[in-house]
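What follows is a short report on a single structure.
The values are calculated or read from the model by the stated rules, or taken from the named source; none is laboratory data. Everything numeric in this text was worked out from a predicted model, so none of it was measured. Note that we place each Cβ from the backbone using ideal geometry, even for glycine, and neighbour counts take in every protein chain shown. All accessible areas refer to the heavy atoms of the entire protein, side chains included, with ligands and DNA or RNA removed. Shrake-Rupley method; radii C 1.70, N 1.55, O 1.52, S 1.80 Å.
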Amino acid sequence: RLVHLDLKGAAPRAQYLEQVLPLLRALGATGLLLEYEDTFPYTGPLELLQAPHAYSPAELRALLSRARAQGLDVVPLLPFPLQFVLKHREFAHLREVKALPNALNPHKEESLALVKAMIDQVMALHEDLQWFHIGCDEVYYLGEGEESKQWLQQQDNTPEKLCLSHIKAVATCLASCYPRVTPIVWDDMLRGMSEQTLAESGVPQLVQPMIWDYAADMDVEGKVQLIEKYHRCGFSKVWCASAFKGATGANQSLPLIGHHLRNQLGWLQVASRSPADVLQGITLTGWQRYDHFSVLCELLPVAIPSLAVCLQALQNGGYSEVVKENVEKLLGMSNLEIDTFMSTSLGTFPGSNILTLVTQISFYLKSSVDELLERNRYVTGWFSPYHRRRKIIHPIIMHHVQPDAVSLLSKWNAVVQDLQAAMEQVFHRCAIEEWMEENVHPSLQKLQQVVDDLDEA
């Protein structure tokens, strides 16, 4: 049971992750899938890939050592096709399609040299790895570059074969230097391929596919058939991937725990009906962005109750009152709601104060400001945009509107200050700024503006 930490957005400080590790272990995790992307401390010509808040080598070594001490396997994930690399001008010449940073040109020797250099640097910081996830999902636009178009015109060449040869090249690059490490790939590019195409490609002997599906109403039978198909093609082991956050909306701020729990229960059914000894394990994904360019979705501390419910359901083969009580005990929560967002108790897990404040803002900030500006009859009737632009107001109306507006603004400013202080313990400034700009500023600035207009009037 691997917990996926997606570090391509709102990457938590290393100290926070170290605090969380014992809890993950207690909840039933047996390992971590670390998607570093631009938070890895690359050196040499790759140094420009580092984000300003990237982890230092010392921080990563300490984190990995703490994970080992907790008995957690670590699996690094390098998300080939490398959007975070190909967005840089210095690497733009390696794009499959010149204008788009979506896929690596598989025909250039330099592409494979880049892949090898990145793998080598990640491997150098990790000890005793058993698996290495090489991504290979959603490789859109592969086959649309000029060299690929020429390649596809040759006899018997197909987009499927191009994709498989790309996966094979990356997997071989890893296997030739690190023969004890097994590459894992996301399976979505393989799903529609025929058994014959897969079997003849040589890919099943090199990698283990990870079937991902984050739906609450999963097609269990379809998944079992897919696992059987992969097994027949020659894949020795198959992984599955569920989600505990980051799968119900690109700008979702609170996880739908009930949705994610039903997703795990679907995977439990798949596991019980799959051929014996084929499933290697499950990854609980926790996407932090849908891709390198999208907004932030649910922050890690906010999603820990969802992760706890999901891990405990998987470990116990289902969800019951006893499992719920165990989750509440481990999180220090007296009442955990899974079908609404409103768990009233605070919790004692690391970052639980962030969950409380984010819940308050998500539910009440916008609605309270809209209530004042759109449904307060004194504002809509006597201090409309027309009045505000001309700074016209009857003095009596001031008494009806100003105290409420000032009080609401000061209440929300206090909540936001508390959240900012809590977030600073866990996140770097860039993540806090982004979250505030997306989720707080639009409503707070509207409210500030009406208070300023009242003062001027």
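You can think of it this way: the chain between residue 128 and residue 404 has 93.2 nm of extra reach, that is 0.36 nm per residue less the Cα-Cα gap. Were the residues from residue 430 through residue 272 laid out at 0.36 nm apart, the gain over their Cα-Cα distance would be 52.5 nm. If one takes the longest principal axis of the Cα atoms in the chain, at what angle in degrees, from 0 to 90 and to the nearest 10, does the Cα axis of helix 57-69 lie? Result, in degrees: 80. Look at the alpha carbon pairs under 8 Å that are at least 6 residues apart: their mean separation over the length of region 1-148 gives a relative contact order of 23 percent. Amide H contacts under 5 Å for residue 279: 238, restricted to partners 5 or more places along the chain or on a different chain, H placed in the peptide plane at 1.01 Å from N. In straight-distance terms, cross-link reach from residue 87 covers every one of the lysines whose alpha-carbon lies under 27 Å from its own, apart from those fewer than eight places away in the same chain; here that gives 8, 98, 108, 116, 149, 161, 168, 245.
As a length-normalised measure over Cα pairs under 8 Å and 6 or more apart, the relative contact order of the chain settles at 14 percent. Please give the helix 14-27 orientation as an angle from the longest Cα principal axis of the chain, in degrees from 0 to 90, rounded to the nearest 10. Approximately 70 degrees, to the nearest ten. For region 70-146, the alpha carbon positions stretch 47, 22, 19 Å along the principal axes, listed from largest to smallest. With all protein chains in place and ligands, DNA and RNA left out, the 1.4 Å accessible area ranks 98, 446, 366, 245 as 98, 366, 446, 245, largest first. Note on residue 154 and residue 98: with the Förster distance fixed at 22 Å, the Cβ-Cβ geometry gives a FRET efficiency of about 0.50. From the alpha carbon centroid of region 388-445 to that of region 184-227 is 48 Å.
In order along region 30-46, phi translates into HN-Hα couplings of 10, x, 10, 10, 9, 9, 6, 6, 8, 9, 7, x, 5, 10, x, x, 8 Hz, rounded to whole numbers, per the Karplus curve 6.51 cos²θ - 1.76 cosθ + 1.60 with θ = phi - 60° and x for Gly and Pro. Can you list the aspartates and glutamates whose alpha carbon is less than 13 Å from that of residue 329, not counting same-chain residues fewer than 8 positions off? Within the straight-line cut-off, residue 329 pairs with 321. For the pair residue 232 and residue 371, a Förster radius of 56 Å applied to the C-beta separation gives a FRET efficiency near 0.40, rounded to the nearest 0.05.
Working note: Karplus 6.51/-1.76/1.60 with θ = phi - 60° gives region 385-399 the couplings x, 4, 5, 5, 5, 9, 6, 9, 7, 6, x, 5, 5, 3, 5 Hz, where Gly and Pro are set to x. Between region 1-48 and region 299-324, how many Å separate their Cα centres? One Cα centre to the other: 20 Å. For residue 68, the accessible surface of its heavy atoms amounts to roughly 100 Å² (probe 1.4 Å, protein chains only, rounded to the nearest 10). If you wrap the tightest convex hull around every Cα atom of the chain and split its volume per residue, you get 169 Å³. Sequence-ordered 3J(HN,Hα) estimates for region 186-199 from the Karplus curve with 6.51, -1.76 and 1.60 and θ = phi - 60° stand at 4, 9, 5, 6, 9, 3, x, 7, 6, 4, 5, 4, 5, 4 Hz, glycine and proline given as x.
Remark: region 243-330 carries 34 Å² of accessible area per residue (probe radius 1.4 Å; ligands, DNA and RNA excluded).
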